[in-house]
Amino acid sequence: MTHGRTSQDPVTTEIIRNGFIAATEEMKTNLMRTAYNMIIYEALDFTVGLFDQHGNTISIGLGLPMFIRGMSETIKAKLRHFGPDGIHPGDVLLTNDAYTTGSHLNHMTFSVPIFDGADLIGFSACMAHWQDIGGTLDGMTTDIFSEGLQLPIVKAWRAGVPNEDILSVIRMNVRLPERAMGDLKAQVAAVRTGEKRFLELVRKYGRFALETAIESIFDHAEAVSRDSVAQIPDGTYQAESFMDDDGIDIGRRIPIRVKIIVAGDQMTIDLTDVSTQVKGFYNSGQTAGLSAAQVAFKCLTAGLELPVNDGAFRNLKIVLPSGTVVSAERPAPMRWWMTYPMTIVDTIFKALASAVPTRVIAAHHADLVIASINGRQPRDNKLYLYLGGLIGGGWGAKHGEDGMSATVAINDGDTHNGPSEQVEAKFPLIVERYALREDSGGAGKFRGGLGTEQVVRARHPIMFNAQIERVDCRPWGLFGGLSALGNEVRLERGGELERFPTGKVLSQKIEAGDAYTVCSGGGGGYGSPLDRKLDDIENDVRQGYVSKAAAHEFYGVVFDGQGRIDRQATALRRTDMRRRGLPKDRPFSTEDHSGWGGCPYCTKLIQPHPEGRAMAIEAAASGVGAWRCC
Amino acid sequence: MSSASLSSSSPGLRIAADVGGTFTDVAVFDEDSGGIRLGKTLTTPSSLIEGMNHGVGKAGADFADARLFLHGTTVAINALLERKGARTALVTTKGFRDIYEIGRINRPEAYNLFFRKHQPLVERALRVEVDERMDAAGEVLRPLIDTEVEAIARRLLEEGVEAVAILFLHSYRNPDHEIRARNIISRMMPNAFVTASHELSQEYREFERSSTVAANAYIGPHVTRYLSEADRVLSGVKFHGKLLIVQSTGGLYDAAQARRECIRMLESGPAAGVIGTRELCAVIGLRNAIAFDMGGTTAKAGVILDGVELTANQVMVGGYAEGLPIQIPMIDIEEVGTGGGSIARLAQGKSLRVGPESAGAVPGPVCYGNGGTEPTVTDANLLLGRLAPDLFLGGEMKLDVDGAARAMTDQISGPLGLSVAEAADGIIRIAVTQMANVVKRVTTARGLDARDFAMVAYGGAGPLHAVLVARELQIPRVIIPNAPGHFSAYGMLVSDLRRDYVRTLFARLADAPFDSFNAIFRELEQRGRDDIDEAAPERLDIIVKHAVDMRYIGQEHAVTVEIDSGAFEARDIDAIKAAFDAVHNQRYGYASNDESAEIVNLRLSVIGVIAKPRLAPLDAAASASADEALIGVRPVEFGVMGGRLETPLYDRARLLRGHRLTGPALIQEYASTTVLLPGDVLTVDQMGNLDIKIEVQP
């Protein structure tokens, strides 16, 4: 049970643990408050952390879960690059190399070495999403070179002196240099805060006590993880799920297969059989694959145990050969790196559902549901970039509890949506509607959470690019719970509604007066909907979370003439449905003939189909559910 | 009632009552004698007002003799936290009825699959949309149709709705539609509590404003009933003075305003403590102080900087993760779940944790003997000898040392292989760092250096831990005021009338519409002056404070910058920019002098100054020796700060001005004990405050 040194002093350890948590919290608050782009200050798409001299995570701020490994691996790469003797006090190390960070080029990762006298004792680091890093503005990319500026591992400051050459390269390669430099300043200030707090801890408790405490923090986290895994029955567990497509071969599903081996207090997550890397920009680097496994592991073992540190993963082995979609090799395109790992996390939960039914959760909408929008400000004709959406979606139901509605996907944590009042003050857009999507939650004894939809009308022309996944492959339920509705994109142009069988709706011009809609999926249900308490369904119907039609079809509810639940008739209907194996799950939108769900007849969907638009409108207008494009 | 005078020239009593969850604290200032009398009773949830009257009696006072009754109450916050408010509807812009439920979509507990987000106070079925719309410039995109609102009011009447909140998009810019809807609904639902968002917050962010106005509506009927009950009971006891309520800013407003804007009284007790600290600073000539308040379940910290309390613009009621945001100005108070009742536990892997679980008042710490089984911070203090088992609450309650020791041995010290004293000391040290971190959140995290501050410590458990927290932060001076257990009630006695306004107006500083700014400031000032006149029966000196929320163009989060109104009238862009740069630099460690800035919000506060009670100074001691106050000697464990020492115990009531003590020492009073560590030097000042000098190690 004990690994490494153990602390003699649990009190000092606890005090230092609190100190590290407070330090990373402060770094996070500072960056959020001073950043210049909405993706950092509202979306909180960043992570800060403190690391030991080898780059192991001591504490990371609760920002972006999927970056649980990114900073640590990046620091280790920086250490390899410069060697321990090549790093000096006052250096600021920087890179955005996608194959090092595992994510896209927008993630500028800064770290400063922390020295106690002449000794390197740790690092303070910060990864944050810059709004623009150059590269093509609209459409799909098929290699890294079209995605923007690649900065290898460099020193942005050398011994306290700014490296103007590097800074000017950055300025020249980004579309919004003032914003970029503002974010850079904010990030450097945040890592400096971390450095200061780390050194205060060193001064206060001494290096030996600090190092001992760090080791105990690791040991403690490890003990918690081991206890938690030991309670999972030994065995090999597998699951499979699918992504819609890679954005190039629209409609060709991409398999995600995971295998988990539990032996005693040790877990192995084997990602060998997730898809090989893909042609479109949905790849991510090895670090992202490792992160997905660690996020799933952390959620299942000790989700509330802080700080998040590397001790918690000592009993986790991850098998991930290179060349998969989450361990892609240069020059695979990576711009939308974050999407696939989210489904991998859900698939790991799915695999372990039979082993730990009370710990897992049904699938969630698993996408940030955002669209990249660019346009010109009417007052000065200046380019603006706006990430539309980030609307939150449904989360899966779990043992004993309904899923959460309108909550950010698992890639992100303390990520906020943007107030509509602010969006309208900043950009020539009108948010017409931002609402829960009725009936979007997967039916179940415990119902999946609801997705949301946001309708935005342009007051001036914009370019619209949606890169949304899991439109076809819906969030699944567990133990007889049904799938939820998937994500969806719609356009309204010239008064006509367009619906798409895919979420990859790229390079679309939207004129003044036209509108776009992004919809997030719900969460999968847990347990058979025929077992849901009638009181709960009654409330679902009263609140409009579930329509009467859906209550009838999926939950077996019969309403009387006054619209109240007829309990007797309901019991009969439920018995009958059970006997007939109903309700039937519909895991794919394109195979769902009950409502609009894309063309059900094609094996290869074309987007946008030349006549798809007209057919979709016709289908919608006539109220006939499914349409065909072929 | 309105014949009363607020000036202290006419005689009479000034009564303050702070109704908390467990205790009701009463402080009575007698303007004839210059003395303060105190009373403490258990809060009686069934009839808060009766309990208060009882407390006033215990303080030896009578409402019939009072001119002014200052009241802080947890009635509003409890109604919110316990979900005991009215059946409430939210009327909102078409397309946005779910904003209140969607919230900001964040998951602060990022790895917790069982995370729960906020629970709206209004169910979805009672969130109703109106087909109206403004844009961000306040221009009407779709006009409001009166008949649509009337139909909604009829429906809400049928639903038995008791309170209606109204939020329309961009009402901070143009409240016209909200005003009209409110008038229609008020007319058609005369018995309902009707409130519109712009009356509380004219600041952008529709979710936060929804939450604010919904909470106001939700607690409105409850608070109204409470205030009516107060009126009834107060006239029954022949009170002919003026009732004023404490707001979360620490300022006072009158009962009529409190009925409309009940959400402003949420945090009245903690805020009053900070106001008490401000006044204490003014009396003894301190510019900067940290207000440190520790009770049974939490520790709180606020800041007085240059004689003024720091304020915040939003609070999350119920915590950051699943709380409801309330977007109104209030005193900036940070809080941690560390109090006397905080439970110490071993987590997996024998890691020692303190709080946030609390034994509360019931069952309470093990040593209370009321069924508590897990060792708490109070038990640890008892086992270290820092609390005298037979003198707790003036000896009214005996503490069970053996029970506390058994629990400590079984649950903490045994498994860790420590002595009972080592474990108890460890628990206190952990609690102290947690509290030091909360002080850092209001100082260091705001760019302030805690070492430049004195700490004023109060609340039942504050004096017990103050010098430890101060050492941790290298704070050289600690002040324990008189009656630290009643300090919030004292703060109410020294508060002023106050109204606060915020108005969002996005503008780049370089081409700022100063005419509009000045017009808005004038309008808000006039409203404030009218409100103060409404609350005060006589003309008061008025102080008007101007501030703006600013940010660099491109940033989102703004900082509040106090600006002299002259700078606005003179359109002094450079002075405003320089003031902003300075605040940004202090708070975040850098400023961008060359970058342009923009203004987001205008803020204005109007303060009606009430004459402060002039307390009579304490009798002077004949000599510096405090031997006459010595009531015993007991062994106290100081751990790494000096080990086990025979420690003198003093009775605070017998300490006189000029008395001087050197630690180690304990100073015992009715509801609190002050601990001095070895080497600490205490002087009793002329007002009776314990002024403690601490040897801090750099």
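Read the figures in this text as sums done on the coordinates, not as results from a lab. Note that this is a predicted model, so its numbers are computed, not measured. All Cβ positions, even for glycine, are placed from backbone atoms using ideal geometry, and neighbour counts span all protein chains on display.
For the range B:345-428, with only Lys/Arg (+1) and Asp/Glu (-1) charged at the beta-carbon, what is the dipole magnitude about the Cα centre, in debye rounded to 20?
Magnitude of the dipole: close to 220 debye.
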**OP:** Find out how many positive minus negative residues lie around residue A:446, taking Lys and Arg as positive, Asp and Glu as negative, among other residues whose Cβ is under 11 Å from that of residue A:446.
**Re:** +1
**OP:** Counting helices only, and only those DSSP H runs with n ≥ 4, report the 222 nm mean residue ellipticity of chain A as the sum of -39,500 (n - 2.57) divided by its residues, in deg cm²/dmol to the nearest 500.
**Re:** -9500 deg cm²/dmol
Subject >> Pairwise label distance in nanometres, residue B:557 with residue B:452, each label 7 Å out on the Cα-Cβ vector >> reply: 2.1 nm
Original post:
Can you list the lysines whose alpha carbon sits under 18 Å from that of residue A:533, skipping same-chain ones fewer than 8 residues off?
Top reply: A:398, A:445, A:548
**OP:** Express in whole angstrom the spacing between the alpha-carbon centres of the range B:345-422 and the range B:500-546.
**Re:** 52 Å
Original post:
Longest segment of chain B with no GluC sites (Glu not before Pro) in a DSSP loop having at most 14 other Cβ atoms within 10 Å?
Top reply: B:160-395
**OP:** Could you work out the mean count of beta carbons from other protein chains within 10 Å of each residue's beta carbon in B:46-58?
**Re:** 0
Original post:
Separation between the residue A:161 and residue B:191 pseudo-spin-labels, each 7 Å from Cα along Cα→Cβ, expressed in nm?
Top reply: 8.1 nm
**OP:** Place a label point 7 angstrom from the Cα of residue B:660 along the Cα-to-Cβ direction, then list the residues of the range B:457-480 whose backbone nitrogen is under 12 Å away.
**Re:** none
**OP:** Under a cut-off of 18 Å between alpha-carbon atoms, report the aspartates and glutamates in cross-link reach of residue B:58, not counting same-chain residues fewer than 8 places apart.
**Re:** B:18, B:25, B:30, B:50, B:396, B:669
Original post:
If we count every other residue with Cβ under 14 angstrom of residue B:158's Cβ, Lys/Arg +1 and Asp/Glu -1, where does the sum land?
Top reply: 0
Original post:
How about the range B:534-635: which trypsin sites (Lys or Arg not before Pro) there lie in a loop by DSSP and see at most 12 other Cβ atoms within 10 Å?
Top reply: B:539, B:614
Original post:
With each pseudo-label sitting 7 Å past Cα toward Cβ, what's the residue B:612-residue A:266 distance in nm, one decimal?
Top reply: 6.9 nm
Original post:
Order of A:196-208, B:64-76 by packing, highest average Cβ count within 10 Å first?
Top reply: B:64-76, A:196-208
Original post:
Order of A:127-134, B:56-63, A:228-235 by packing, highest average Cβ count within 10 Å first?
Top reply: A:127-134, B:56-63, A:228-235
Original post:
With axes computed from alpha carbons, what is the tilt in degrees of helix A:534-543 against the longest principal axis of chain A, rounded to the nearest 10 within 0 to 90?
Top reply: 80 degrees
Original post:
Residues with amide H under 5 Å of residue A:114's amide H, sequence separation 5 or more or different chain, H placed in the peptide plane at 1.01 Å from N; which?
Top reply: A:121, A:122, A:123, A:124
**OP:** Using only atoms on other chains, find how many Cβ atoms lie within 10 Å of each Cβ of peptide A:217-225 and report the average.
**Re:** 3
**OP:** Starting from the Cα of residue B:628, move 7 Å in the Cα-to-Cβ direction to define the label point; list residues of the range B:654-693 whose amide nitrogen is under 12 Å from there.
**Re:** B:654-659
Subject >> DSSP beta bridge pairing in chain B, given as percent antiparallel to the nearest 5 >> reply: 70 percent
**OP:** Can you tell me the 0 to 90 degree angle between the C-alpha axis of helix B:462-472 and the longest principal axis of chain B, rounded to 10?
**Re:** 90 degrees
Subject >> Euclidean distance between Cα centres, the range B:640-684 to the range B:469-497, Å >> reply: 17 Å
Original post:
Hey, what angle do you get for helix A:339-352 against the long axis of chain A, alpha-carbon based, 0 to 90 degrees rounded to 10?
Top reply: 80 degrees
**OP:** Rank-order B:282-290, A:277-285 by packing density, defined as the average count of other C-beta atoms within 10 Å over each peptide's residues, highest first.
**Re:** A:277-285, B:282-290
Original post:
Given Cα pairs under 8 Å that are at least 6 residues apart, what percent is the relative contact order of chain A?
Top reply: 12 percent
Original post:
Under the definition of partner shielding as Cβ atoms of other protein chains within 10 Å of a residue Cβ, what is the mean value for peptide B:193-206?
Top reply: 1
Original post:
Straight-line reach from residue A:28: which lysines have Cα under 25 Å away, leaving out those fewer than 8 places along the same chain?
Top reply: A:76, A:78, A:155, A:185, A:196, A:204, A:298, A:426, B:117, B:300, B:440
